[in-house]
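Encoded as structure tokens, the structure appears first; notes follow it.
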Amino acid sequence: MKEGHDFKLLLMEMNQYIRDYIAGRGLAYYEKKLVEDVRIKEPWIHATVLGNYGDYKVKVHMTDFSKSRCGCPYDDYCKHMAAIVYYVTRECSDQPVCNKSAGFSHAGAPGAADTIEEAPEQQPSRQPDNDLQQRLQNMEKDDLLETITRLVEIEPSTKETLRLILTERERNASLHSDRIRQKGLYSSLAYYQKEFPAILKQCESLFSKIESSDEDYDDNYEYESYYDDYEYESYYDDYGDMSKWDYTKGLEILRRYGQELLKMVIAEYYISGTVGLLVAVMELEDWITRYDDEYGENELVDFCSEFEDYLWEALERVRDYQLREPQAQTFLQELIDWIILQCKNLDDLSSWISVLNNCIPDKRYLWHLKERIIKLDRGFLQSARLDDEKHRSILVSWWVELCLSLGLEEEAKQTAGIMAGSSQPEASVAYSFVRYYERLERWPEAIVAMQTILLTGSMNNPHDYQRMISLHEKTSNTQGIKDWYEKWFLSYPDLELFKQNAALIENDADQEAKISRWLEHLEQKRDYILLISISLNHLDDIDNAWSVFLKHKALSQVDEPVILRLFKAMKKYAPEKLIPVYRELALNNISARNRPAYTRAARWMKDLREVCGLSGNEETWIAFHSKIMTEYRRFRALMEEIRAAGIGQP
């Protein structure tokens with residue numbers, strides 16, 4: 001029986017790439033049930049995420065999050081990816097299969113199972129007119145031709161549609177002919193390098209402009225800017241060009257062509273279809289670059305990614321065929337040779353990494369690839385001819401990951417040693433070893449690799465510490481858990497982490513000394529809000545909380561929830577101490593001379609009246625109120641706010 005998936009590591013890796021506030025938006029998308037059509041086809045998770053201005057196709061890599069892609073305009077790893085990770089983590093963990101179609105209930109929801117079975121009836125696809133279809137099938141050839149001719153006369157636009165249909169049928173028939181499907185690697189390359197640009201040209205001829213008004217654009221921009229100001233980027237570089245494009249007809253022809261190529265990848269004939277998809281991916285990349293300025297839409301980029309999926313599927317089939325067919329083995333080796341021939345130097349190799357990864361089913365092909373790379377550059381990854389160390393780092397990380405995926409640990413270690421002492425970050429290499437050791441459950445070695453990341457990296461994030469703690473839990477290393485929780489808190493202090501650390505050292509002899517050291521650390525970092533929160537919520541030391549507030553009062557944002565909780569506590573504990581604070585806050589806001597500040601001033605005055613009453617200092621309130629009402633009697637807006645607050649009279 002196939003084992004269920006554990007997506008906890010995917011969630012941890014996602015948080016290395018996506019900032020917290022964007023991940024939070026992704027969580028909100030998941031909770032609003034905007035994730036649909038979830039399909040897991042290892043190593044990919046495919047899904048659709050519903051958006052305000054369209055639905056985005058997203059694919060998340062289960063073991064290397066950096067490869068994940070989304071069709072939205074955001075350039076970086078986005079909230080749509082996060083939404084999918086939250087979905088599979090909460091809905092699909094420990095399930096051997098998690099295929100959820102659009103409109104289905106989430107797994108585990110009431111009636112979910114019933115909904116899944118009935119969904120095809122709830123959302124029927126458009127069925128052809130059976131009566132018309134039957135009548136057309138029963139017609140004689142001459143009658144059918146006469147009918148088509150008559151249709152073109154009545155509706156001339158159908159002439160071009162018919163031409164496209166016939167052209168596509170002829171093209172597909174040609175693809176599946178023995179002449180095409182029996183071609184070898186180089187004859188297939190020659191054929192598709194000529195054929196595919198013509199198909200792209202035909203598809204582009206079907207793109208159509210959709211004119212939109214300036215008002216539509218402004219509404220769209222303002223809405224997105226308000227709700228998504230960190231992620232939204234306009235599609236338009238020129239306010240004068242408000243046009244958008246409809247790619248549907250053109251891309252549908254292209255999509256069907258890709259599907260036909262994939263159909264050609266079968267055990268008997270697989271070279272032509274696979275090479276066709278490879279050429280398609282190469283041509284689409286150039287096409288996107290060439291027309292990006294003209295069209296400026298991410299839909300084309302997303303479509304290119306769709307063709308990549310077809311290519312990976314084709315190569316996966318070939319990798320399966322090579323287990324029993326020598327011809328498939330020869331094809332993969334020839335394909336590797338051809339790819340290396342396309343590289344003028346070692347720097348060019350980085351653009352072929354994804355394709356090469358799918359051409360290496362076992363170590364025989366890895367050694368074959370290495371031999372060919374050495375012929376290109378004898379220095380291999382130590383070559384002095386690389387443009388810069390950044391390119392070397394990319395290639396080293398790739399080779400390490402590739403070696404570890406095949407269990408070639410020593411080769412991976414030797415390769416990783418190339419970057420020792422380099423100015424380039426080694427974190428990606430170390431992460432590869434962490435994942436490798438985790439797969440093999442070699443926890444101590446995984447811990448050493450994580451230490452490399454945490455002790456040498458300058459861009460560590462909280463989830464690195466969380467991962468390290470998880471590794472120590474695997475080995476039941478209590479002291480290690482304590483140490484790394486403490487390091488996590490000192491690097492990313494917050495109240496919950498403080499509580500966690502305090503609970504871990506509850507029985508330690510030096511508990512008080514450690515807590516004192518943590519508080520001194522927060523003092524040095526000037527994290528006075530957290531200091532106040534800890535004093536109030538954990539240490540139950542209101543005097544210390546008040547002392548910290550007074551010390552940092554000049555830097556305080558008094559509308560901070562922690563500060564307001566402190567004021568509320570002080571009203572019960574020592575209300576007289578709030579009198580000078582409230583008086584100062586009221587005067588500061590009055591001096592700002594604007595209506596919102598007057599509103600706040602009136603609020604502080606009302607609080608001042610309350611604490612004066614609680615502490616038996618009514619005369620102080622009367623004197624202050626009289627002064628304000630006398631000195632600022634001509635400030636009409638202030639007087640209105642004071643009366644609105646119910647403190648017009650002392």
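The values are calculated or read from the model by the stated rules, or taken from the named source; none is laboratory data. Quantities reported herein were computed from a predicted structural model and do not represent experimental measurements. In this analysis, Cβ positions are derived from the backbone assuming ideal geometry, glycine residues included, and neighbour counts consider all displayed protein chains. Please note that ligands, DNA and RNA were not included when accessible areas were found on the heavy atoms of the full protein model with its side chains. Shrake-Rupley method; radii C 1.70, N 1.55, O 1.52, S 1.80 Å.
The simple spin-label model puts a point 7 Å past each Cα toward its Cβ; for residue 552 and residue 474 those points are separated by 3.8 nm. Net length available on complete extension from residue 492 to residue 593 is 32.4 nm, with 0.36 nm assigned per residue and the Cα-Cα distance removed. Ligands, DNA and RNA left out, the 1.4 Å accessible surface of the range 309-426 is 46% carbon and sulfur atoms. Net charge of the neighbourhood of residue 171, taken over other residues with C-beta under 9 Å away and scored Lys/Arg +1, Asp/Glu -1, is -3.
With θ taken as phi - 60° and the Karplus curve 6.51 cos²θ - 1.76 cosθ + 1.60 applied, the whole-hertz 3J(HN,Hα) list for the range 475-491 is 9, 6, 8, 4, 5, x, 4, 4, 4, 7, 5, 5, 4, 4, 4, 5, 8 Hz, x standing for glycine and proline.
Add +1 for every Lys or Arg and -1 for every Asp or Glu among the other residues with Cβ under 13 Å from the Cβ of residue 320, and state the total. Neighbourhood net charge equals -1. Ligands, DNA and RNA are left out, and with a 1.4 angstrom probe the accessible area of the range 272-394 is 46 Å² per residue. In the assembled protein chains, residue 465 presents an accessible area of approximately 20 Å² (probe radius 1.4 Å). Taking amide hydrogens as placed 1.01 Å from N in the peptide plane, the amide H of residue 245 sits under 5 Å from those of 210, each at least 5 positions away in sequence or on another chain. Once the chain from residue 139 to residue 178 is taken as fully extended at 0.36 nm per residue, the excess over their C-alpha distance is 10.8 nm. A simple rule links phi to the HN-Hα coupling: the Karplus curve 6.51 cos²θ - 1.76 cosθ + 1.60 with θ = phi - 60°, which for the range 184-201 gives x, 4, 6, 5, 5, 4, 4, 5, 6, 5, 8, 6, 5, x, 5, 5, 4, 5 Hz, with x for Gly and Pro.
Measuring with a 1.4 angstrom probe and ignoring ligands and nucleic acids, residue 581 comes out at about 10 Å² accessible. For residue 7, the residues 5 or more places off, or on other chains, whose built amide H falls under 5 Å of its own are 94.
Net charge in the neighbourhood of residue 257 (other residues with Cβ under 14 Å of its Cβ; Lys, Arg +1, Asp, Glu -1) is -1. The phi torsions of the range 531-538, fed into the Karplus equation with coefficients 6.51, -1.76 and 1.60 and a -60° offset, translate into couplings of 4, 5, 4, 5, 4, 6, 8, 10 Hz, rounded to whole numbers, with Gly and Pro shown as x. Once you've got the Cα coordinates, tell me which of 67/413; 159/183; 79/553; 551/627 are over 30 Å apart. From 67/413; 159/183; 79/553; 551/627, over 30 Å: 159/183; 79/553. Here the relative contact order of the range 580-650, from alpha carbon pairs under 8 Å that lie six or more residues apart, stands at 33 percent.
Of the whole protein surface, residue 410 contributes about 110 Å² of accessible area at a 1.4 Å probe radius.
The residues of the range 396-501 expose, per residue, 45 Å² of accessible area to a 1.4 Å probe.
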